[in-house]
Structures are given as structure tokens and as C-alpha cells.
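Nothing in this text is a laboratory measurement; each read-out follows from the coordinates by a stated rule. Remember, it's a predicted structure, so these values are computed and weren't measured experimentally. Here the Cβ is made from the backbone with ideal geometry for all residues, glycine too, and neighbour counts use every protein chain on show.
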Amino acid sequence: MQSNVGLIIEEKAVSIGNFLVGRLLPFRQKRAVGPFLFIDHMGPACLEEHQNLDVPPHPHIGLSTLTYLFDGAIFHRDNMGNAIEIKPGEVNWMTAGKGVVHSERTPEYLRTKDKFLHGLQIWIGLPKELEQCEPAFSHFDKEEIPVWEENGVTYKLIAGELKTIKSPVLVHSRLYFIEIKTKSAQKITIGDHLFGEVGMYVLNGSVKIDNTDYGSKQLLIAQNASLCAFETNGETTLYLFGGEPFEEERFMYWNFVNSDKAILEKAKENWENQNPEAFPKIPNDDKEFVPLPKPKFNN
């Protein structure tokens, strides 16, 4: 029997300043899974009292960002005036559209203490007609995210839709981002409820697919979402994500995503010149910014 695992991507360590993350997407072999364009696995990291997460103001266009923590806390600020702490189980959802600026830092009350940080940061592309929409931000408490149990398996629908259930997160295309937890070995056949492309990331534990075991730090891409079936090998936490891919190619330069390279070039120019009309300053965090890097296009 041929395996439904079409591609295995190993998590790659990448520096984001004073912090290392495990990059899952994009990779040369696979630029996107459905509308999901970028996934970073942060931690798990134990930060000492003098170590803090500090990602200064930086821009985005043409995408939505989703931040989901397992442990620790991050304080989000943006140029729309939002200033909020995200804690484990909560969801920060920011749609950049034509342009947004935000920063991510360790909250003040934790900056002189030992602390942990562990979570996922995700970029999701926007449909072509929304790539230049007005920016928006929303925050969802953990009690707002749908959670249910079936046959010893706990499901959490962080974003998107599954079966007849929808997450309150304000997505802009058909997608799903699902947490699955088991405490004992379980057989899970979920493909009938998925659509488009699907990827799996095992956070802890392991899964068996077609008699092959897969553990953590690997991103598995299914050849056919409708055939998605697997067995957990005991206490396991994993994430399924994906959905309908876009018809148009998406280009990525640093934090900018768009189907039109000319718009990326304009965004680069606006950020390099610190154009306040395109990228306004963040209230209470306007003393520094991340400079525009100089790599070539990724695509």
C-alpha cells in the first residue's frame, strides 16, 4: 500500500534576533499548504531574568497572522492602537491587508523573572480581492475556541471549519487549524471532513501512518486530504492545518506577501523610507523598528 505521506519537512532552526525558532514553512519543496504560507514553532524555551522576547515594530502586508501559545506570554501592540497580552490557549488574529505594523515583546511584569515561551506563529494568505483590504485585529479568549471529545480524542478547532463546527476566528477563506490530543493509542480517520491540502505537525508523542512512525519536529504533507488517517502511539498532541489553495501564486519578501510583485516593491520602499501614511507608528512603541533586509525574492 502506498503511503499518503507525500512530503516530510524537517523543522529548521532560524534566528529571529535574540530568539531561535523552528521553521516549518515555507520550504523549497513546499511553499504553502492550502492558504498557510508560514509557520514558526517558538520554543520550548526557558528564558532567564535578563532574557526577553523583543521583536520591535515591523510591517506586514497581504496576509493574516495567527499567534497561538502553549506556554508563556507575549504582549502585542500595533499601529491600530491594539495593546493586549496573549496567553496560552488564546488566539491573536491580525489581518494586515494593505499594511500594518506590530511589535511582540515579553510583558513588563515578566521581564525581570525567569519564564517559559512556547507556541506557534502562523501566516495565512488572503484571497486576491482582500490583499489590499483595511487592516484589522481581533483577540479570542480560550473559552471562545470550540473544544469537544469523540471516542477518547480531544479536538480543538482553533480556526476555520470542521464538520458542522466553526471557530469564531475571522478567517477569509476555507481553511482549518485543528489541535488533536490523545492520552492513549487511538485510531483517527478524519479525511472525510477535510478539504484542499492538509499538513500535520506532531508537537509531542508520535503517530503511525501506513505502518511508519513519525515523531516531533517533522511536518508531514498528505498527498490526498480525503485519505487522512493515522494512529497515535499514546499521549500525543498534533496539529492539522490546511484548506483550499489559491489559484494565483503568492510571492513573499520578508514580511510582505502578495500576488503582485509591484505591490511588494512599493511596500519595501514605503518601509525603508518609513512612510507614515503606509506604515503608521505604534503608540507607546515608536522608538525603534526592524530595518528592511536585502535578500532576493523567495519565489
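In this structure, the amide hydrogen of GLY97, modeled 1.01 Å from its nitrogen in the peptide plane, lies closer than 5 angstrom to those of GLY62, LEU63, counting only residues at least 5 positions away or on a different chain. Based on the Kirkwood approach, the hydrodynamic radius assigned to the range 44-171 is 15.7 Å, with every pair of different Cα atoms included.
Judged by the mean number of other Cβ atoms found within 10 Å, the most tightly packed of the peptides 84-90, 95-101 leads the ranking 95-101, 84-90. Along the range 126-136 the Karplus relation, 6.51 cos²θ - 1.76 cosθ + 1.60 evaluated at θ = phi - 60°, assigns HN-Hα couplings of 9, x, 3, 6, 10, 4, 10, 6, 5, x, 8 Hz to successive residues, with x for each Gly and Pro. Cross-link pairs exceeding 22 Å between alpha carbons, from the set LYS87/LYS281; LYS98/LYS128; LYS142/LYS281; LYS156/LYS187; LYS98/LYS268: LYS87/LYS281; LYS142/LYS281. Simple spin-label estimate for ILE84 and ASP54 gives 2.6 nm between the two label positions (7 Å along the Cα-to-Cβ direction from each Cα). For the range 33-155, relative contact order (Cα pairs under 8 Å, six or more residues apart, normalised by length) works out to 37 percent. Averaged over residues, the count of other Cβ atoms within 10 Å places the peptides 37-43, 186-192 in the sequence 37-43, 186-192, highest first. For the range 154-251, the share of alpha carbon pairs falling in successive 5 Å distance bins from zero is 3, 13, 24, 25, 19, 10, 5, 1, 0 percent.
Here's how it looks for VAL171: its modeled amide H is under 5 Å from those of GLY160, which are all 5 or more places away or on a different chain. The HN-Hα couplings worked out from phi for the range 139-154 by the Karplus form 6.51 cos²θ - 1.76 cosθ + 1.60 (θ = phi - 60°) are 10, 10, 5, 4, 5, 7, 8, x, 9, 8, 10, 9, 6, x, 10, 9 Hz, whole numbers, x standing for Gly and Pro.
The H on the amide N of SER259, modeled in the peptide plane, is under 5 Å from the matching H of PHE251, each at least 5 residues off or on a different chain. Across the range 119-124, computed HN-Hα scalar couplings (Karplus, 6.51 cos²θ - 1.76 cosθ + 1.60, θ = phi - 60°) run x, 10, 10, 9, 10, 10 Hz from first to last residue, x flagging Gly and Pro.
Between LYS187 and ALA262, take the C-beta separation as r, use R0 = 35 Å, and let me know the FRET efficiency to the nearest 0.05. With a Förster radius of 35 Å, E is 0.10. Multiplying the residue separation of ALA45 and GLN132 by 0.36 nm and subtracting their alpha-carbon distance yields 27.7 nm. In this calculation the C-beta distance from ALA229 to LYS287 is compared with R0 = 41 Å, giving a FRET efficiency of 0.20. Here's the picture: a label point sits 7 Å out from the Cα of GLN274 along the beta-carbon direction, and within the range 86-120 nothing has its amide nitrogen under 14 Å of it.
At a threshold of 8 angstrom on Cα-Cα distance, excluding pairs fewer than six apart, so keeping six or more, what relative contact order does the chain reach in percent? Could the numbers behind the result be given before it?
Numbers: 766 pairs, mean separation 62.7, N = 299.
Reported as a whole number, the value is 21 percent.
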